[in-house]
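Quick notes on the structure that follows.
The values are calculated or read from the model by the stated rules, or taken from the named source; none is laboratory data. Predicted, not measured: the structure shown is a model, and the values here were computed from it. Cβ placement follows ideal geometry from the backbone for every residue including glycine, while neighbour counts extend to all protein chains displayed. The protein model used for the area step is the full one, side chains on, heavy atoms only, and it has no ligands, DNA or RNA in it. Shrake-Rupley method; radii C 1.70, N 1.55, O 1.52, S 1.80 Å.
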Amino acid sequence: MATKKYTVTLPEELAEQIRREVGAGGFSAYVTKAIERQHERDQLGQLVTWMQEESGGLLAPEELAAAEAELKDAERHFDAPATPDHYELPLAG
């Protein structure tokens with residue numbers, strides 16, 4: 001995958017804490033994984049919203065179970081042990 005440098009503004013204290021934990025060379029990988037995880041959560045939220053709209057209201061129990069299973073699959077993807085290429089950042093949904 002091609003990469004491009006972007007400038008973002010982060011709270012200094014948070015950025016320095018992460019940099020201490022992962023090292024200067026691991027910071028970009030950590031932030032990339034955090035953004036990927038948040039993007040997946042956002043997409044799952046959109047899926048649930050769409051399913052609710054299609055069903056005319058709240059999800060049926062089996063639809064909710066299917067959405068929760070999909071969320072758990074996505075979370076398992078990020079539960080692998082942290083390596084320099086794989087950092088996990090818990091983000092609020």
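Model label sites at residue 28 and residue 15, defined 7 Å from Cα along the beta-carbon direction, differ in position by 1.5 nm. Computed with every protein chain present, the accessible area of residue 68 is close to 100 Å² [probe 1.4 Å].
At full extension, residue 51 and residue 3 could sit 13.9 nm farther apart than now, given 0.36 nm per residue minus the alpha carbon distance.
Diffusion of the range 1-77 by Stokes-Einstein, at 25 °C in a medium of 0.890 mPa s and with Rh set to the Kirkwood radius over alpha-carbon pairs, works out to 162 µm²/s.
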